[in-house]
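Right, one structure below, let's go through it.
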């Protein structure tokens, strides 16, 4: 009986090491945020998005300042003009505010839609680069660094991917 147990343990041991030898799939990981923030195309995207966001913020502040001035002007005239004229000016100001809010909301929605489109196109371009890299280097799986708990630094191929991405992708365009 002891011989049978020893045989079983021996076979399990052999089986465990033989399957391990056959399953030498290469795995790597990358830092996507690093590539987005440091690649040439990613820097252009981030700069463009920042410019558009700042433009909307500036418009918002300008119009808000203008509305505040208009509001003060109307309140200063409250005792000088008739009640009907005052109410009409208040209604006109409220309509202007609604129109402005609608315009800003539309611009913010367009910006959000553009962000999604540009990031999607960035992801598609990066995916192409990753496929090429994994094929050339016989890598079975590339994971996101953000999803890892721990991993060897030698498995991090972020810089290789960044260099390849910069070489292959100069600009990202959205229709």
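Values in this text are rule-based calculations from the coordinates and carry no lab data. Note that this is a predicted model, so its numbers are computed, not measured. No Cβ is skipped: glycine too gets one built from the backbone with ideal geometry, and neighbour counts run over all protein chains shown.
If I fit a long axis through the Cα atoms of helix 40-76 and take the longest principal axis of the Cα atoms of the chain, what angle between them do I get, 0 to 90°, rounded to 10? Relative to the chain, helix 40-76 is tipped by roughly 20 degrees.
Among 99, 52, 127, which one shows the biggest mean-square fluctuation in a GNM of the chain, springs joining Cα atoms closer than 10 Å? It is 99. Report note on the peptides 102-110, 146-154: ranked by the mean count of other C-beta atoms within 10 Å, highest first, their order is 102-110, 146-154. Could you work out which residue, out of 165, 60, 75, moves most in a Gaussian network model of the chain, that is, has the largest mean-square fluctuation with Cα springs under 10 Å? Greatest mean-square fluctuation among the candidates belongs to 75. Centre-to-centre, using Cα atoms only, the range 35-98 and the range 130-175 are separated by 43 Å. Short-range pairs are left out: with C-alpha atoms under 8 Å and at least six residues apart, the relative contact order of the range 73-175 is 31 percent.
Taking Cα atoms, how many degrees apart are the long axis of helix 2-22 and the longest axis of the chain, rounded to 10 and kept between 0 and 90? Taking Cα atoms only, the helix is inclined about 50 degrees. Cβ crowding within 10 Å ranks 158, 58 as 58, 158, fewest other Cβ atoms first. Against the chain, whose longest principal axis comes from its Cα atoms, helix 83-136 is set at around 20 degrees.
For the chain, what class follows from the C-alpha gyration tensor (a ≥ b ≥ c being the square roots of its eigenvalues): rounded when a/c is under 1.5, otherwise prolate if a/b is larger than b/c, else oblate?
Prolate is the answer for the chain, as a/c is 1.5 or above and a/b outweighs b/c.
Of 129, 80, 63, the sequence from fewest to most neighbouring Cβ atoms within 10 angstrom is 80, 63, 129.
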